[in-house]
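Undergrad: Dropping a structure here in structure tokens format, bear with me for questions.
The values are calculated or read from the model by the stated rules, or taken from the named source; none is laboratory data. A quick note: this is a predicted structure, and the numbers were derived from the prediction, not measured. Every residue, glycine among them, receives a Cβ derived from its backbone with ideal geometry; neighbour counts consider all protein chains shown.
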Amino acid sequence: MSLKLENVSYIYEKGTSQETAAIKNVDLEINKGEFVAIIGHTGSGKSTLIQHFNGLIFDKDFDLRKLRCKVGLVFQYPEHQLFEATVLKDVCFGPKNEGLSNEDAWIRAKEALKLVGIGEEMYEKSPFEMSGGQKRRVAIAGTLAMNPEILVLDEPTAGLDPEGRDKILQCISDLRENRGIGVVLVSHSMEDVANYADRIIVMNGGEVMYDDVAHKVFAHYRELEKVGLAAPQITYVMHELKKAGYNVDENIINLEEAKENILKCLGR
Ligand code: ADP
Ligand code: MG
């Protein structure tokens, strides 16, 4: 399944003095199994945009039920929505709500918890006994238990320590590799985006400013800086090396490629 938005606009508080055009004439398509990142300054429309992906903001006569199952949306701070007494019960909630039997819901939930690296010893714990990173992974499991084809996550690493952050990113990347689930990741970290995403959509003032493969987007780093963004730090290092007379590729966006390129340039 691919996901297509055609000329989508959204206005909050229409007709009042608070009226805000949050997204304007957005055209984009997310293809099957793709890993797409969305970046943009605060208020640029990222959250509003991704809420259109599963029809949270949509025409009333649209068949939302089907779409909701195919596109799993993980909100910012999803752990705030955990409410059941145990981890397992919480992850079972969605599948049960979809009409699955207790047993089938358990199967789905256990599989989802395994995918996010939450072991059986945690099943009967209260979500409130867990670390911030664990809670968030439980919340993501709740969405995965619905078997989505595309997983959309709004800043899933916000507020986590480096360990919690790496675990979440690794888990998202594994889901994509091992299960072919498409991923749309809203992120503030240019490093994370450069390490994981194939394609980057840059939002600015509610409009799509760039939509291209990662290294091409970051080649516009001067323009990105004007809208409060940047290239990954390593890209700046490569530009400095180039200026200093080394024949490196200045459009490199991650450490792995940089290492290879610098060694090659040094003739090793
Ligand atoms: P981002 O996720 O990139 O920070 P948002 O989609 O949250 O951007 O916001 C886009 C614009 O819409 C901003 O100007 C924001 O203030 C406004 N906005 C977002 N949510 C609401 C809302 N519930 N009511 C009114 N305005 C909103
Ligand atoms: Mg947001």
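Undergrad: Among all residue pairs at least 6 apart or on different chains, which show Cβ distances below 8 Å where the first residue, located in the range 24-45, is in contact (Cβ under 8 Å) with a residue 24 or more places away in the chain and more than 12 Å from ligand 1 (Cβ to nearest atom) and the second is of a type in the set (D, E, K, R) and assigned to a loop (DSSP other than H, G, I, E, B)?
TA: As it stands, the answer is Lys32/Glu149; Glu34/Asp198; Phe35/Asp198; Val36/Asp198, since those pairs meet every condition given.
Undergrad: Kindly indicate whether Thr48 is at pLDDT 90 or above, more than 23 Å from Asn195 (Cβ to Cβ), of a type in the set (S, T, N, Q) and within 16 Å of ligand 1 (Cβ to nearest atom).
TA: yes
Undergrad: Same structure again: Just the residues that are part of a loop (DSSP other than H, G, I, E, B), surrounded by 13 or more Cβ atoms within 10 Å (Cβ to Cβ), under 24 Å from the mean Cα position of the chain (by Cα) and hydrophobic (A, V, I, L, M, F, W, C), please, taken from the range 81-134.
TA: Leu82, Val116, Ile118, Met130
Undergrad: Residue check: is Val26 surrounded by 14 or more Cβ atoms within 10 Å (Cβ to Cβ), away from ligand 2 (no atom under 13 Å from the Cβ), more than 17 Å from the chain's Cα centre (by Cα) and under 22 Å from Ile150 (Cβ atoms)?
TA: yes
Undergrad: Is the range 65-72 home to any residue that is modelled with pLDDT of 95 or more, buried (at least 17 other Cβ atoms within 10 Å of the Cβ) and not small (Gly, Ala, Ser)?
TA: no
Undergrad: Kindly indicate whether Arg179 is surrounded by fewer than 18 Cβ atoms within 10 Å (Cβ to Cβ) and within 26 Å of Val36 (Cβ to Cβ).
TA: Yes.
Undergrad: I need the full set of residues from the range 34-56 which are more than 17 Å from Asn204 (Cβ to Cβ) and within 13 Å of the chain's Cα centre (by Cα), in order please.
TA: Scanning the range 34-56 gives Glu34, Phe35, Gln51, Phe53.
Undergrad: Right, something else. Could you say whether any residue in the range 221-240 is more than 26 Å from Met203 (Cα to Cα) and free of Cβ contacts under 8 Å to residues at least 24 places away in the same chain?
TA: Yes, the range 221-240 contains a residue that is more than 26 Å from Met203 (Cα to Cα) and free of Cβ contacts under 8 Å to residues at least 24 places away in the same chain.
Undergrad: Can you tell me which residue among Val184, Val227, Val213, Val208 is of a type outside the set (Asp, Glu) and over 30 Å from Glu19 (Cα atoms)?
TA: After applying the criteria, what remains is Val213.
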